[in-house]
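Heads up, the thing below is written out as structure tokens.
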Amino acid sequence: MLTYWMDLNDPFRAFDNVRRRMDQVLRDYDESAGLRARTSYPRASLRDAKEAFVLTAEVPGVAEADLKITATHDSLTITGERKASAPEGYAVHRQERGAIRFARSFALPAKIDVEKITAGLKLGVLTVTLPKHPESQPKAITVKAQ
Amino acid sequence: MSQVNDIVTHKPSAAEPTTTRPVIAPAVDIYENEREYLVLADLPGVSHDSVQIRFEGGELSLAASRPDDKAGGYLGSEIVDADYRRLFRIPETVDSDKIEARLVDGVLHLVLPKTGKAGPRQISVKMH
């Protein structure tokens, strides 16, 4: 049965392999040229939403309880773990999404209010809202005519 | 050889895409036991109503799209608004009427039950 499935999958596997190799080559090139830092896990985005910074990270299959967030006034660290998803009694044909243990830190461009951080997990995407410290809030300055 | 021919003559079942969003092949796990195949696919940020699973002519296609992120002010982003797409060939032993899918924490769980009659069987060799 195992070989049966594999045979049917073979042409796709060949394309997959080519794609992976190409990705690797391009990544290596980017890194050697210093164009892009190595992509770490989880993939994330940081957004400046005026009153707060919003960090989103893709953590599919990671349970709430396995995520830990720590913050200082200018940095944020996400640590977590995705447990092996291989169910019992199943033979493995292909495993691209392995178990992973990760830790990633982000330096924030301005001081944040650590007490007011909120985090939510939805559809495998972690969203952390980091309100800016009053000191870092933008202030309007009126210009006086002299 | 038959596989090669099949690829060449294969007509794309999906229409020409109307957007220029990047397409990502999601990472998948494929498992099998004596009753079913189990496919797990990482689809972070996708809601269940934007997942399309089609089973046609022995092929299972999986398509999903992330909603456009209209928020601005990005300081750095590794996440792109993209479509997920992946195609699998499924053995004939799968009972296509009973395929079930569920989305849990951004992971798609696809259960493909096997038809009873094509279960594993032992063929004994007779001696003359």
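Summary of values
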{"quantity": "Strands (runs of 3 or more DSSP E) fully within the range B:66-111 counting 3 or more residues that are surrounded by 14 or more Cβ atoms within 10 Å (Cβ to Cβ) and either among the hydroxyl-bearing types (Ser, Thr, Tyr) or in contact (Cβ under 8 Å) with a residue 60 or more places away in the chain (or both)", "calculated": "B:83-89"}
{"quantity": "Criterion (surrounded by fewer than 14 Cβ atoms within 10 Å (Cβ to Cβ) and either of a type in the set (S, T, N, Q) or more than 9 Å from chain B (Cβ to nearest Cβ) (or both)) met by exactly one of A:ALA84, A:ALA110", "calculated": "A:ALA84"}
{"quantity": "Residues being in contact with a Gly (Cβ under 6 Å, 6 or more places away or on another chain) and at the interface with chain B (Cβ under 9 Å from one of its Cβ atoms) - total across the range A:60-81", "calculated": "2"}
{"quantity": "Qualifying residues in the range B:19-50 (those that are assigned to a loop (DSSP other than H, G, I, E, B) and of a type in the set (Val, Ile, Thr)) - the one nearest to B:ASP97 (Cα to Cα)", "calculated": "B:VAL46"}
{"quantity": "Residue in the range B:85-100 that is within 8 Å of another protein chain (Cβ to nearest Cβ), out of contact with any helix residue (DSSP H, G or I) (no Cβ under 6 Å at 6 or more places or on another chain) and over 26 Å from A:GLU88 (Cα atoms) present", "calculated": "no"}
{"quantity": "Residues located in the range B:103-120, provided they are more than 10 Å from every other protein chain (Cβ to nearest Cβ) and closer than 25 Å to B:ARG21 by Cβ", "calculated": "B:LEU110"}
{"quantity": "Qualifying residue in the range A:61-79 (condition: in a loop (DSSP other than H, G, I, E, B), within 20 Å of A:LEU126 (Cα to Cα) and within 13 Å of the chain's Cα centre (by Cα))", "calculated": "yes"}
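Every number in this text was worked out from the coordinates using simple rules, so none of it is lab data. Computed from a prediction, not measured in an experiment: that's the story for all the values here. Methodologically, a virtual Cβ is constructed for each residue, glycine included, from the backbone with ideal geometry; neighbour enumeration extends over all protein chains shown.
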